[in-house]
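A short reminder: the numbers here are calculations on the coordinates, not readings from a lab. Everything numeric in this text was worked out from a predicted model, so none of it was measured. For neighbour counting, all protein chains shown are included, and Cβ atoms are generated from backbone atoms with ideal geometry for every residue, glycine included.
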Amino acid sequence: MARKKKVLLWVLHRPDRSPSQRFRFEQYLDFLRSHGYTFHYRFLIRTKDDAVFYGNGNYLGKVLILLRSLWIRIWDLIRARNYDMVLVQRESFMIGSAYFEKVLAKKIPLLYDFDDAIWIPAVSEGNRKLSFLKNFDKPREIIKAAQLIFAGNSYLANYARQYNSNVWIVPTTVDTDRFSKNESRNKEKLCIGWTGTFSTLAHFETVLDALYIIQEKYRERVYFKLIGVPSYRNDRLGIQGVAWTSETEIEELSALDIGLMPLPTDAWTEGKCGLKGLTYMSLGMATIMSPVGVNKEIIRDGENGYLAASQEEWVEKMSLLIEDERLRFELGQEARKTVLEKYSVISQRNQYLSAFNQLTDGEI
């Protein structure tokens, strides 16, 4: 019987906590296990650490988290030879140095995965005073050290190829067995909605004026829903945000008839991988996205969803969908088909297996 190959997962967050981890590699682990791999999670930020690490103040608490994390990574380096390869998603340590990745890549093959333009400066509000600890050249240094790079889209891949020739474009994907098409619902009101986090709430707010126009135009025919920021409230639209959990996300998303993914146009959003829109589309939902970055590859305007750049276009596209149930259904069907063909776990899992096999067999 063949020996199981051992993979070290160097990540910041516990399983099922981070969207990047969930949709970039966690949903492939069972498939890879069935092909002879075992996985050892080594995450740094525990459940009880979240509020401290991402909140304002409590610098002593943050320092203690950093010191404990430092010890974890040092111990990992000592035991590195126990593994056949390591996967690093975005970064293995929360402050500036790429030291750990550089050292580990000399011991075992390192697969580096990233899905945002993380070389562009961005710091969470709770840690703004600690921004001096960040190093936005760190992704470049990890890319140079790694044996193989997974980049979420061509924009990210072009950045990585400046420093490493072994770059594969691997799109962010959805588990379409879990995100399965819901039966159409007969409702008196249509639900227009958005899902995200506090850090992306500003993106949702870029379409507020369009939503106010839609509310005035259709009144009792529509209502609005926001998932992921329970503290958010907009009395004018009748929105009280609801919390996101992995247990309830399908149910909450299934309430939506029209899913929105607005984005500003800048260097950071060019690197986004379209996950929000893909989750809507996987559920057979009519979806409207800003024509930014990979969104222009995902959406074929008028065929499997809509693209909207201006307030006028957002109002126009939402109005078309509100007024035509058949159109919503047909776009939703094509959206689901697109995800199945190009952005599903099934469509990409053999690429993961090939990468893992080549790395552990010394072919890369």
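Nearest 500 deg cm²/dmol is fine: what mean residue ellipticity at 222 nm does the chain get from its DSSP H runs of n ≥ 4 alone, each adding -39,500 (n - 2.57), divided by its residue count?
Numbers: 16 runs with 143 residues, N = 364.
Counting only the DSSP helices, I get -11000 deg cm²/dmol.
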Longest exposed-site-free window of the chain, the sites being GluC sites (Glu not before Pro) in a DSSP loop that have at most 14 other C-beta atoms within 10 Å | 1-182
Once the in-chain neighbours fewer than 8 apart are removed, the aspartates and glutamates whose Cα is under 18 Å from LYS337 read ASP175, ASP177, GLU183, ASP257, GLU297, ASP301, GLU303
Placed amide H near ILE239: partners under 5 Å, 5+ positions off or other chain | ASN234
Of the options GLY259, GLN89, LEU340, report the single residue whose Cα projects farthest towards the positive end of the charge dipole of the chain (beta-carbon charges: Lys, Arg +1; Asp, Glu -1).
-> GLN89
Quote the charge dipole size of the chain about the Cα centre in Debye, to the nearest 20; the model charges only the Cβ of Lys and Arg (+1) and of Asp and Glu (-1).
-> 1800 debye
Acute angle (nearest 10 degrees) that the helix 311-323 long axis makes with the longest principal axis of the chain, alpha-carbon atoms | 70 degrees
Enter the angle in degrees (range 0 to 90, nearest 10) between the Cα long axis of helix 208-218 and the first principal axis of the Cα atoms of the chain, meaning the one along which they spread out most.
-> 30 degrees
Cα coordinate range in the chain, projected on the principal axes (Å, largest first) | 64, 49, 36
ARG233 versus GLU303, label points 7 Å from Cα toward the beta carbon: distance in nm?
-> 4.6 nm
Taking the chain as the reference, fit the longest principal axis to its C-alpha atoms, fit the long axis of helix 325-342 to the helix C-alpha atoms, and give the angle between the two in degrees, 0 to 90, nearest 10.
-> 10 degrees
Provide the net charge surrounding ASN304, with neighbours chosen by a C-beta distance below 10 Å and charges set as Lys +1, Arg +1, Asp -1, Glu -1.
-> -1
Expected vector for the stretch 144-154, Karplus 3J(HN,Hα) from phi with 6.51, -1.76, 1.60 and θ = phi - 60°, integer Hz, x for Gly and Pro, equals 4, 7, 6, 7, 8, 10, 9, 10, x, 7, 5
Quick one: if you stick a label point 7 Å off each Cα along the C-beta vector at LYS144 and TRP75, how many nm between them?
-> 3.1 nm
